[in-house]
Amino acid sequence: MVRAPRKLQLGRPSAIPSSPEKAVLDSVPNPHLDTDYAVRFTAPEFTTLCPITGQPDFAHFVIDYCPAGDLLESKSLKLFLASFRNMASFHEDCTVAIGKRIVAEIRPKYLRIAGYWYPRGGIPIDVYWEKGRVPQGVWLPDPEVEPYRGRG
C-alpha cells in the first residue's frame, strides 16, 4: 500500500506542538542518493523544564547526520524542539530522546547529537549520543562548542 504524501509544515503557519509526542518531523527526499555527506543543525537556544524544580533548563544542541533516503526538514525540527519548552525531562533523557526520534523518522546512515546543557546546581552537563557509523570519506567536523566556563 502506498501512502499519500502528507502536506509539509513548511510554507504555511504552524503552531508549536503541545508536546514532543504530538510534534511531526517532516522529511523530504534526498536529492543526492548517490553521494554520502553530512548535514548539521545547531539549536543554541533550546529550553525545557527541570523535572524536579520546574525551573527552565537551557541547552545548545548540535545535531549531525548523514542522510539515507530522506532529509530532515528544518522547520519541523524547529517546531519539534520548541515542543519541549513545557515538558519536564532530565538532560540525558531529553538529549537521547531527540536523537532517537530523528533516527526513527528519517533512518539516517549516521546521527550524532551533542547536548551542551547550561549549569544546573552549578554543574554543566554535556550529553552525547550517536547511532550508526559515519560513511567512509565523509568529513564530520567537531561540534565546536566550547566547554562551559562561567563568567571567566
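We did not get these values from a lab; they are worked out from the coordinates using the rules stated. Every value quoted in this text rests on a predicted model; they were computed, and no experiment measured them. Here the Cβ positions follow ideal geometry from the backbone for every residue, glycine too, while neighbour counts run over all protein chains shown.
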* Structure fact -> GNM on the chain, Cα springs under 10 Å; top mean-square fluctuation among S14, S74, S83 goes to S14
* Residues whose placed amide H lies under 5 Å from that of K109, excluding near-sequence neighbours -> C66, A68
* Structure fact -> In terms of the alpha carbon gyration tensor, root eigenvalues a ≥ b ≥ c, rounded if a/c is under 1.5 and otherwise prolate when a/b exceeds b/c or oblate, the chain is oblate
* **Within-12-Å neighbourhood charge of W139 [Cβ basis; K, R +1; D, E -1]** => -2
* Sites R12 and D70, calculated FRET efficiency, Cβ-Cβ separation with R0 22 Å, nearest 0.05 -> 0.65
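What ranking of R40, R133 emerges when the number of other C-beta atoms within 10 Å of each C-beta is taken as an exposure proxy, fewest first?
Numbers: R40 13, R133 10.
The most exposed by this proxy come first: R133, R40.
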* For F46, residues with placed amide H under 5 Å, excluding near neighbours -> A59, F61
* Asked: Under 16 Å from the Cα of K109, which lysines turn up, not counting those fewer than eight places away in the same chain?
  -> K100, K131
* Asked: Which order results if L10, L140, L25 are arranged by neighbouring Cβ count within 10 Å, fewest first?
  -> L10, L140, L25
* Asked: Once phi is turned into ³J(HN,Hα) by the Karplus curve 6.51 cos²θ - 1.76 cosθ + 1.60 with θ = phi - 60°, what whole-Hz value does each residue of the stretch 126-134 show in order, with x for glycine and proline?
  -> 10, 10, 10, 8, 9, 9, x, 10, 5
